Amino acid sequence: MIVSEEIENKEIAKQYKELLRISYQTLSNEDKKLIRSAFDTAVYAHRNQRRKSGEPYILHPISVAKIVAQEIGLDATSIAASLLHDVVEDTEYSIEDIEKLFGISVAKIVEGLTKISKLSKENQVSLQAENFRKLLLTLNDDVRVIIIKIADRLHNMQTMDAMPDYKQVKIASETLYIYAPLSHRIGLYNIKTELEDLSFKYTEPENYKFIKSKIEGGKEEQEQYIKSFSKIIEFALAEEGLEYQIKGRSKSIFSINRKMTMQNIPFENVFDKFAIRIIYKGTHRNEKFLAWKIYSIITDHFTPNPTRLRDWITAPKSNGYEALHITVMGPNNKWVEVQIRSDRMNEIAEKGYAAHHKYKQGEQKDIGIDSWLDKLQEVLESNNENPVDFVENFKLNLYAKEIFVFTPTGEIKSLPKGATALDFAFSIHTELGMKTRGARVNGKLVPLSRTLKSGENVEVITSENIKPTANWLDFVQTSRAKSKIKSSLNEEKKRIAVDGRETLRRKLKQLKITLNDKTVGHMLRYFNLSNSQDLFYRLGLGTINNKQLKDFSTEFNGSFLNFFKKKIRKQGSAYKKEDNEEITQRFDTLVFGKEKESLKHSLSPCCNPIAGDPVFGFVSVNEGIKVHKKECPNALSLQSNYAYRIIKAKWVDSSSDEFTAILKLSGIDNIGIVSEVTQSISGDMSVNINKLSFDSEDGVFTGLISLNVKNKTILNKLINRILKIRGVDKVLRE
């Protein structure tokens, strides 16, 4: 169908007037001039461009600006930047031109959006993950960049029908993987829900249609239920002189499907398919009082479920969300969730960041986006892990439900559900986390791995002799803690490697070999290692011993040709082949889950992972665990749609991995002997005490110590060190 230019221009003008009409904030004359100028520039810049659907391209930036104005409620600068967000990328205009025409604020936002657009054209998962990290870095410059990008993604999702199927699935998976969690974290719940539902529409179209038809079929019944609920309490609410409205909110198609999948139940068995929302008018001074008054009225008429009370007014969520949620036995003996919000709370819930700042008063601390950005910046600046791990760790905190715990001084702290005592320590301060030796919860000593619950009082116990160990990574949940621990372990590895290099230089000198690049190259091939730091690290740990170095020197001191001939002969003989397999087994064992179990698996042919690749396990329906590379082209789709079937997997190197050893001690009981033994052990970064018990009888003691150590060389050194302590007679390994 051919549409005339006149009709198109009328539609563009109509959309522009609609944009001005729905603008969330009262626009000054200066604001209107800025938006008008941005509109005219965008219309001219995109004059010859059309979307895949055939409509003029300018309708897309106008639609993005409408989302930014109406659904998010940002200012005139943001609306202007939304209108211009594709101008630099797609037309002859430069950032310098935008700055001259509209000022530095608009130009910075447009520049940030242009950078993200350039990055997101890559389609490999590893690059997508790196792009995500760069995208988050823009938050530190101006959070409006990411909010406009989310609005841009929403409109693209709303108008994706003209795209080929494979692109629809790719964009939808990326949206679930990145943009929906970010929308959730910034508090844009309405947009988050729409992004999830639209993504689900393209990733699982049949399930989407089925659930949508069921919801639409039950709308009349839902409206009747809300009327019957309202009828019972409206007199009591009116008697209190409250101004309010009662609305119904259907659960999203995506969340209903998630519940059906996770609980393995049919649609009919999902009982909380909708919630009732009571939105009341109140001032900042009395809104909390009114919320509890409404709660009292509702629970006078309906029996509440005490385990389902959620008070996010006293302790708001970390993204600023405030509300009182209760679940009551409603009409027809059905459980129904009731959400009680003031009009201010409701606006913050729907518009997130922008509304939160609109209502921010005086010295009221912003517990929303600002505090989150502070934590985010620290993680981004110190992060040195691979991009995919970074995304996965970061996403742990994006969607996580929250708990609230107290410091010894009574300060309340928000943490993701599942956080441990060690996560709490790192949330207070990095240095506190690094020195954490133990914790007291409600006055009782607990392990660092203890999962915290809302309402608990947590106190951290520190020691100057404590340093992070690799097993800490097995139980911390927050991305901040993971990042700091990994950074500390890497620093320690570098320190050990520096010592190891000096040890190697000294030992090679005794063998008449000079340590240089050529020698290191031969040693890497000989010991089957990937880089020099791994080599020096193993020397520092003592994994490579004197006998192995002598064997290497025999090879090395022969001719260059002999070296390779011997290596070939070595690999050719049956005995040496066995050695080679032993090395492969030692360096390339695949383990799964937190327990690091060896499970039956197969390598996926779509990405052909090899030993050492970053990988994850996917529990398939008929073929057991399939192992995929984290950079696999299918990773995004699997992680977006089947997260509950993914398990952690990694290749372990037993020469640098920890193992548990139990030592039995006996000797003459001297004052302070336990302290001397523990100090002797804790002085070594490579050793971690799991359990410790000492008994004394008639002047003789026996002790049992469970340790995590890197290798037998370190364990033997440790045993010799303990034997030198006055009073220790025997140290045996059980």
Report summary line: By the Cα gyration tensor axes a ≥ b ≥ c (a/c under 1.5 gives rounded; else a/b larger than b/c gives prolate, otherwise oblate), the shape of the stretch 213-358 is oblate
Report task. Work out the FRET efficiency for ALA611 and GLU431 from their Cβ-Cβ distance, taking R0 = 45 Å, and round it to the nearest 0.05. Result -> 0.75
Report summary line: The answer for ILE461, listing residues at least 5 apart or on another chain whose modeled amide H is closer than 5 Å to its amide H, is ARG437, GLY438, ALA439, ARG440
Query raised in the report: Which whole-number value in Å³ per residue fits the convex hull of the alpha carbons of the stretch 589-652?
Result: 79
Report summary line: Assertion target for THR159, THR420, ordered by fewest C-beta neighbours within 10 angstrom first, is THR159, THR420
Query raised in the report: Given LYS33/LYS351; LYS212/LYS247; LYS288/LYS413, which pairs have Cα atoms separated by over 22 Å?
Result: LYS33/LYS351
Query raised in the report: With the radius of gyration and the Kirkwood radius both derived from the Cα set of the stretch 659-733, what is their ratio Rg to Rh?
Result: 0.94
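Peptides 76-88, 663-675: what's the order by average Cβ count within 10 Å, highest mean first?
Result, highest mean first: 76-88, 663-675.
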Query raised in the report: What pairs in LYS149/LYS170; LYS507/LYS717; LYS10/LYS32; LYS467/LYS494; LYS547/LYS730; LYS251/LYS417 have C-alpha atoms more than 24 Å from each other?
Result: LYS547/LYS730
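Values quoted throughout were computed directly from the atomic coordinates according to the rules given, and no laboratory measurement underlies them. A quick note: this is a predicted structure, and the numbers were derived from the prediction, not measured. We place every Cβ from the backbone using ideal geometry, glycine too, and count neighbours over all the protein chains shown.
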